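Below is one structure, written out as structure tokens, with a few remarks after it.
The values are calculated or read from the model by the stated rules, or taken from the named source; none is laboratory data. Every value quoted in this text rests on a predicted model; they were computed, and no experiment measured them. Every residue, glycine among them, receives a Cβ derived from its backbone with ideal geometry; neighbour counts consider all protein chains shown. Just so you know, the surface numbers come from the protein's heavy atoms only, side chains and all, with ligands and any DNA or RNA stripped out. Shrake-Rupley method; radii C 1.70, N 1.55, O 1.52, S 1.80 Å.
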Amino acid sequence: QVQVVESGGGLVQPGGSLRLSCAASGSIFSRYTMNWYRQAPGKQREWVATITTGGVTNYAVSVKGRFTISRDNAKNTVFLQMNSLKPDDAAVYYCNAEYFQMNAWGQGTQVTVSS
């Protein structure tokens, strides 16, 4: 079973930056489509960004131009660089790995945006 572990969350002021990391197990990490989702208190989990096996990226409208998803297949890791953070970006951020029927989730990492 694929294990997914997020890290890098924390407290940041509005306008600040944070980089999340997600390490996934497995010898075929390069074949996984990797996604970031987030869930704020009282709200449904929402999709944030995707990076495909070929490196194609896609973003939710709310984060486009501010967030960047990338991957390092040699390290089995995907990143989410978050710039110009807003209070509305505060949430638990989850990493998701997809490969055919495999769909693995991490435990999440908390991002707090507050002055």
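Total residues in region 86-115 satisfying the condition of being open to solvent by 50 Å² or more (accessible area, probe 1.4 Å) and either assigned to a loop (DSSP other than H, G, I, E, B) or in contact (Cβ under 8 Å) with a residue 24 or more places away in the chain (or both): the figure is 13. Looking at this structure, is VAL63 at pLDDT 95 or above, in a loop (DSSP other than H, G, I, E, B) and in contact with a strand residue (DSSP E or B) (Cβ under 7 Å, 6 or more places away or on another chain)? Taking the combined requirement at face value, the residue satisfies it.
Taking region 27-39 as the range and being open to solvent by 20 Å² or more (accessible area, probe 1.4 Å) and not in a strand (DSSP E or B) as the test, the residues that pass are SER27, ILE28, SER30, ARG31.
In a residue-by-residue description of region 68-85, the property of being at positive phi, out of contact with any Asp or Glu (no Cβ under 7 Å at 6 or more places or on another chain), of a type in the set (Ser, Thr, Tyr) and open to solvent by 30 Å² or more (accessible area, probe 1.4 Å) applies to at least one position. Here region 1-24 is the region considered, the condition is being over 13 Å from ALA90 (Cβ atoms), within 16 Å of the chain's Cα centre (by Cα) and part of a loop (DSSP other than H, G, I, E, B), and the residue that is modelled with the lowest pLDDT is GLN3. Could you check, for region 67-82, whether at least one of its residues is part of a loop (DSSP other than H, G, I, E, B), under 17 Å from TRP47 (Cα atoms) and touching a residue at least 24 places away in the same chain (Cβ under 8 Å)? The answer is no, given that none of the residues of region 67-82 is part of a loop (DSSP other than H, G, I, E, B), under 17 Å from TRP47 (Cα atoms) and touching a residue at least 24 places away in the same chain (Cβ under 8 Å).
Candidates in region 40-56 are the residues that are farther than 16 Å from GLY108 by Cα and among the aliphatic types (A, V, I, L, M); of these, the one that is least open to solvent (accessible area, probe 1.4 Å) is ILE51.
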